[in-house]
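> First the structure, then my questions, so here it is.
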Amino acid sequence: MTGVQTCALPILKNDTGAYDVYKMINGSWIVTNSNLNTKEVVTISGSGGSGTAGVDSFNGRKGAVTPVSGDYTNSDVGLGNVTDDAQLKASQLDTDGTLAADSDSNVASQKATKTYVDTEISNNNSAVIKLTDETKNSDTTLADDSELVFSLAANSKYLLEIFIGFYFDAAPDIKIQLAFSGTITSWLANSIVCENDTAATFTNLFNDAVLTTIHSIISASNTNGILKIKSIFEVGASGGNFSVQWAQNTSDAGNTIVKKGSYIKVRKL
C-alpha cells in the first residue's frame, strides 16, 4: 500500500482540532486521524491525482458515495439546533376546502382554511337584497321574484327572515307565496303586514304549515306596505332554491310593485 502523502485539501479533523491532510493515490487506503484511534478503508480507482479518479467504496459502501444517517453529526453541518422531530409530509397538507377528514394529524393549507371559513360565513349569516323595483302589469301568474331567491343546502336547518316592501294600485292588489324547489322536513313561520290603508285585508299571514299557500293583500285604494316573515325552515334530503313568488291579485293595467331593499336573510342553525 502506498504511503500517506500530504496535499492542500484537508479531509479529516483530528482530536486536537487540527486537520490531517492526505493525497489519494490509486489503490486502497486506510484513513486515520493523528491519534490512530479511528480508521476507514477508502478505495480509489483511476489515475492517482487525476480529475478522473473515482471512489470505489467509502465506509464499506460501494458505488457513488452519498451521505447516510450516521456519517455526519449536527455540529458537522453547522446545524446545532437540528432535532429528530418529524417533519410535515406533503400527504399531511390538507387542501380540501370542506375539511371533511376532521383529522388531528393533517394540517389545512391557507387556501383550504380560507375556503372553509368563507363558506361557513356565507352559509351561516347571509342575505340577498333586492336592488331594483320590479313591476307587473296585467299579470296574475305567480313567479319567482327576479332577485329574492336563496339556495339552501340539504339536511340543514335555517332561521329565515323575509322582508318584502310593496306597492299596488287599488285595482290589481298583490298576492304572494313562498316556494322551495327541494324537500321540506318542517316549516314554522309567522308574519306581520304593515300598510297605509286601514281598509286593506289579507289572508292568514303565513302562520300555517303549508309553504305554498297563496296570501293576498287587497285594498280599496293605492297602497304602500311591507310584509315581514320570520321562520324556522328545515330542509330534507334534497336542497334547492327558496324564493318569494308574487303577482297581481287581479289582472289590471295598473302597477303592482315589489320594492328595492326587500330581502331574504338566512342564518344556518
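The values are calculated or read from the model by the stated rules, or taken from the named source; none is laboratory data. The model shown is predicted, which means the values in this text are computed figures rather than measured ones. Note: ideal-geometry Cβ built from the backbone for every residue, glycine included; neighbour counts use all protein chains shown. These area figures cover heavy atoms from the full protein model, side chains too; ligands, DNA and RNA do not enter into them. Shrake-Rupley method; radii C 1.70, N 1.55, O 1.52, S 1.80 Å.
> Any idea what the dipole of the stretch 107-164 comes to, in debye rounded to 20, about its Cα centre with Lys/Arg Cβ at +1 and Asp/Glu Cβ at -1?
The calculation lands at about 380 debye.
> Over 29 Å between Cα atoms, which of K111/K230; K175/K230; K89/K114; K89/K268; K228/K268 qualify? Can you show the working numbers first?
Details: K111/K230 35 Å; K175/K230 18 Å; K89/K114 21 Å; K89/K268 35 Å; K228/K268 19 Å.
Over 29 Å Cα-Cα: K111/K230; K89/K268.
> In a shell of Cβ-Cβ distance under 11 Å around D252, excluding D252 itself, what net charge do Lys and Arg (+1) and Asp and Glu (-1) give? Numbers along the way, then the final one.
Details: positive: K136; negative: D139, D169, D173.
Charge balance near D252 sits at -2.
> Spelling out what I want: for every residue of the stretch 154-160, take phi, set θ = phi - 60°, compute 6.51 cos²θ - 1.76 cosθ + 1.60 (Karplus), and round to whole Hz; glycine and proline get x.
5, 6, 9, 10, 9, 9, 10
> Could you provide, to the nearest whole Å², the per residue accessible area of the stretch 99-182 with probe 1.4 Å?
Dividing the accessible area of the stretch 99-182 by its residue count gives 52 Å².
> Could you pull out every residue, at least 5 positions away or on a different chain, whose amide H is within less than 5 Å of the one on D252? Hs are placed 1.01 Å off N in the peptide plane, and Pro or chain starts have none.
Correct list: S138, D139.
> Can you list the residues, at least 5 places off or on another chain, whose amide H is less than 5 Å from the amide H of I184, using H built in the peptide plane?
Residues meeting the criterion, in which the H sits 1.01 Å from N, are G236.
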